[in-house]
Amino acid sequence: MSHSLELECINTLRFLAVDMVQKANSGHPGLPLGAAAMAYTLWTQQLKHHPDNPDWADRDRFVLSAGHGSALLYSLLYVTGYALSLDDLKHFRQWGSQTPGHPERGHTPGVEITTGPLGQGLANAVGMAIGEAHLAARYNRDGHRPIDHRTWAIVSDGDLMEGIASEAASLAGHLRLGKLVCLYDDNRVTLSAGIDITFSEDRAQRFAAYGWQTLTVADGNDVAAIGAALEAARADTDRPTLILVRTHIGFGSPEQDSYKAHGSPLGVADVKQTKETLGWPVEPPFLVPDSALAFFRQARERGAQAETGWNERMSAYARAFPELDAELEGRLRGDLPTDWDTEMPVFPSDAKGMATRVAGGTVMNAIAPRLPSLMGGSADLDPSTHTQLNALGDFEKAELPGIDTQGSDGGGWSPAGRNLHFGVREHAMGAIVNGLAAHGGFVPYGSTFLIFSDYMRPAIRLAALMGLHVIHVFTHDSIAVGEDGPTHQPVEQLASLRAVPDLCVIRPADANETTVAWRVAVQTRDRPVLLALTRQNLPTLDRNRYASAEGLRRGAYILMPPVADHGAATELPALILMASGSEVGLILAAFEVLQSQGVSVRCVSMPSWDLFDAQSLAYREEILPPAVPARLAVELGATQGWHRYVGDRGDVLGLDRFGASAPADILLPEYGFTIEAVVARSLRLVAVNGGSYGTQAVPTALEPSD
């Protein structure tokens with residue numbers, strides 16, 4: 001290839017991005033100007049992809065962790081032939097456009113993952129590399145490699161500053177993810193300053209200490225040197241690689257090496273000067289020379305050939321290993337095995353019961369042997385969260401003599417293992433499971449204490465934004481944690497997580513609701529699901545007396561008095577008690593007292609607002625009839641949000657202050673979570689709301705309590 005055509009291709013990428021930003025009067029021109037050469041080299045020399053089939057299973061994954069440089073990614077997608085038009089580029093950052101301000105998975109063909117919050121993309125890439133390594137270890141056989149691809153990322157100074165990147169890079173080095181390569185856009189400038197004011201560590205030594213191969217390219221415009229570094233990265237299959245490419249933000253512009261080039265359009269005059277400096281026609285904007293486009297579009301033919309070769313290999317694989325092939329193909333399609341839930345437990349009634357975290361672990365280990373896509377782990381909390389998959393192996397490199405294997409979950413160490421040991425790295429865990437889900441072939445989960453969901457909020461939000469099928473298992477879900485005190489006792493977490501759009505939060509009331517919750521979590525394919533589980537034992541309800549736990553599927557259901565068919569619930573009670581999780585047992589105990597005093601009461605288990613809100617209006621009004629204003633919600637957490645269910649004439653017994661360090665059986669009465677308190681509030685509500693609903697009147701001797 002001639003140097004002139006090479007330079008023409010690189011400048012095509014640069015100035016498509018510059019013109020996009022200038023036309024939108026919004027965006028980030030600095031990164032595309034500086035990083036275009038390394039992106040060009042990667043996409044034309046190494047990246048295995050098929051623009052006509054962006055979802056081809058064995059494609060390489062590309063992550064632009066520095067998502068603010070999205071104009072560069074959109075330029076690459078257009079010129080290589082993805083279903084993106086030049087008009088789409090001209091509508092960058094506009095309403096209804098396929099080219100939003102930061103890359104969004106599912107919105108733009110060819111975008112693997114939503115990035116923008118810095119550091120997340122790097123950790124997503126680690127998850128994708130884990131996914132490839134696991135599938136390859138499980139399904140590849142001698143002479144047959146149905147899974148064989150790499151994960152590439154472009155990362156920025158800001159990415160490497162974020163703490164999540166340290167967590168993810170540390171784990172990637174430990175796991176020796178040799179098919180992960182990160183190109184570091186080492187331009188030494190951030191949004192507001194040069195890095196000498198904030199970031200003086202030796203990044204190469206830092207990553208070498210993590211166990212990465214580190215390579216340096218002194219000139220970010222030297223395509224030959226970048227190509228050689230990419231080849232060296234490909235050759236080292238025992239370590240992830242960081243390639244430090246010395247670039248210049250805003251290359252060729254009057255603002256080169258200035259933070260002013262980071263996040264603002266260059267302006268008409270500076271665009272003209274930059275084009276003149278780099279030898280590019282000032283007019284017309286959005287120029288794509290035919291020769292450059294023809295060269296870039298060769299990606300379509302290369303991609304078609306690569307996919308055809310893979311299809312042929314898959315056919316041979318299917319003949320040689322039909323059972324493995326059927327399993328792999330099903331996973332890649334996202335199918336669930338027909339028998340995945342046939343052994344899910346039904347727990348007998350038990351007044352002592354069990355913690356829902358323990359029930360959850362039992363359920364997971366019942367389904368895991370029949371659901372090979374289930375893979376994940378905890379942030380160093382397996383003994384507490386009960387989320388280990390027993391005897392199904394640890395995702396690690398092979399055991400070596402003398403290694404301390406305590407904490408292993410059985411089944412040996414190998415990339416085929418399904419237990420991921422994240423270590424104390426909640427930030428990275430959240431983004432890594434997102435990467436697994438985005439890779440495809442997995443039902444990934446991550447687990448920690450509910451209080452530490454705060455560490456994972458960016459990743460949880462991004463999973464919801466992308467509609468990724470991720471399961472979060474958060475245990476120790478209330479102040480009933482007890483002696484660990486307010487640092488470990490969640491109060492506002494449930495309310496804040498319920499506020500995340502398209503995140504399904506489920507807080508089951510007993511072991512059998514936990515079984516159904518797991519069934520819902522596995523079957524809900526278009527969004528993340530969060531299970532909030534208890535540390536303490538909860539009674540396992542007698543479902544011969546109370547309604548079936550299958551009611552959880554609808555988010556809320558009448559638990560007591562039971563009805564064979566929800567349509568038969570015609571009598572209006574004087575009072576509705578509603579609760580989630582551990583407090584369901586409390587309202588059931590209050591129910592007995594109130595009934596004995598002649599008050600007609602309905603108890604509603606409400607494990608999931610999200611599932612309930614998705615039901616028809618008729619169903620919602622059947623469970624919570626508008627004609628019954630006396631309603632009390634009970635939950636060991638912030639009251640925020642419950643008022644839309646209890647209404648302006650109802651009440652909430654909740655917790656709008658922090659907890660304290662004491663045994664749970666001391667704490668709960670101190671905070672007012674007693675049968676007596678629920679009964680007193682209930683009688684007050686009934687009296688204030690008229691005192692005569694349903695088949696019985698409230699005895700006149702009962703007055704509102706103080």
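The values are calculated or read from the model by the stated rules, or taken from the named source; none is laboratory data. What you are looking at is a predicted structure, and each value in this text was computed from that prediction instead of being measured. Cβ sites come from the backbone with ideal geometry, for glycine too, and all protein chains shown count toward neighbours. With ligands, DNA and RNA removed, areas are computed over all heavy atoms of the protein, side chains included. Shrake-Rupley method; radii C 1.70, N 1.55, O 1.52, S 1.80 Å.
Quick notes on this structure:
- For the range 80-100, a residue qualifies if it is open to solvent by less than 50 Å² (accessible area, probe 1.4 Å) and out of contact with any Phe, Trp or Tyr (no Cβ under 8 Å at 6 or more places or on another chain), and the qualifying residues are TYR82, SER97, PRO100.
- Exactly one residue among ALA299, ALA316 is in contact with a Phe, Trp or Tyr (Cβ under 9 Å, 6 or more places away or on another chain) and surrounded by 12 or more Cβ atoms within 10 Å (Cβ to Cβ), and that residue is ALA299.
- Residue within the range 623-645 that is within 35 Å of the chain's Cα centre (by Cα) and over 25 Å from SER478 (Cα atoms) present: yes
- Among residues that are over 28 Å from LEU5 (Cβ atoms) and open to solvent by less than 60 Å² (accessible area, probe 1.4 Å), PRO265 is included.
- Any hit, the range 408-416, residues being hydroxyl-bearing (Ser, Thr, Tyr), outside any helix (DSSP H, G or I), at pLDDT 95 or above and surrounded by fewer than 23 Cβ atoms within 10 Å (Cβ to Cβ): yes
- Failed criterion for LEU72 (all others in (1) buried (at least 21 other Cβ atoms within 10 Å of the Cβ); (2) more than 26 Å from the chain's Cα centre (by Cα) hold): (2)
- The requirement of being under 19 Å from PRO458 (Cβ atoms), of a type outside the set (Gly, Ala, Ser) and crowded, with 19+ Cβ neighbours inside 10 Å is fulfilled somewhere in the range 171-182, by at least one residue.
- Of all residues in the range 509-522, at least one satisfies being of a type in the set (Phe, Trp, Tyr), farther than 19 Å from VAL604 by Cβ and either in contact with a Gly (Cβ under 8 Å, 6 or more places away or on another chain) or buried (at least 24 other Cβ atoms within 10 Å of the Cβ) (or both).
- Among the candidates LEU64, LEU77, LEU42, LEU31, the residue that is over 30 Å from HIS134 (Cα atoms) and either buried (at least 21 other Cβ atoms within 10 Å of the Cβ) or modelled with pLDDT of 95 or more (or both) is uniquely LEU31.
- Qualifying position, being in a loop (DSSP other than H, G, I, E, B) and over 19 Å from VAL634 (Cα atoms), among ARG553, ARG527: ARG527
- Single residue of the range 600-622 satisfying the filter (of a type in the set (Gly, Ala, Ser) and farther than 19 Å from ASP477 by Cβ) that is nearest to the chain's Cα centre (by Cα): ALA614
- Looking across the range 512-527, the residues that are out of contact with any Asp or Glu (no Cβ under 8 Å at 6 or more places or on another chain) and touching a residue at least 60 places away in the same chain (Cβ under 8 Å) come down to ASN512, GLU513, THR514, THR515, ALA517, TRP518, VAL520, GLN523, ARG525.
- Look at the range 373-389: where a residue is more than 22 Å from ASN537 (Cα to Cα) and a partner is open to solvent by 10 Å² or more (accessible area, probe 1.4 Å) and of a type in the set (S, T, N, Q), sitting 6+ places away or on another chain with Cβ atoms under 9 Å, you get GLY377/GLN388.
- Selection from the range 441-460 of residues that are closer than 15 Å to VAL529 by Cβ and either in contact with a Lys or Arg (Cβ under 6 Å, 6 or more places away or on another chain) or not in a loop (DSSP other than H, G, I, E, B) (or both): VAL443, PRO444, TYR445, GLY446, SER447, LEU450, SER453, MET456, ALA459, ILE460
- Residue count for the range 329-371, restricted to those that are in contact with a Lys or Arg (Cβ under 8 Å, 6 or more places away or on another chain), buried (at least 20 other Cβ atoms within 10 Å of the Cβ) and farther than 27 Å from ASN537 by Cβ: 1
- Of the residues screened, THR540 is one that is more than 22 Å from the chain's Cα centre (by Cα), open to solvent by less than 30 Å² (accessible area, probe 1.4 Å) and modelled with pLDDT of 95 or more.
- Candidates ARG457, ARG553, ARG527 - the one that is over 14 Å from the mean Cα position of the chain (by Cα), open to solvent by 20 Å² or more (accessible area, probe 1.4 Å) and over 22 Å from VAL652 (Cβ atoms): ARG553
- Condition met for ARG239 (of a type in the set (Lys, Arg), assigned to a loop (DSSP other than H, G, I, E, B) and at pLDDT 95 or above): yes
- Test set (1) buried (at least 24 other Cβ atoms within 10 Å of the Cβ); (2) touching a strand residue (DSSP E or B) at 6+ places or on another chain (Cβ under 9 Å); (3) not in a helix (DSSP H, G or I) - ALA438 fails condition number: (3)
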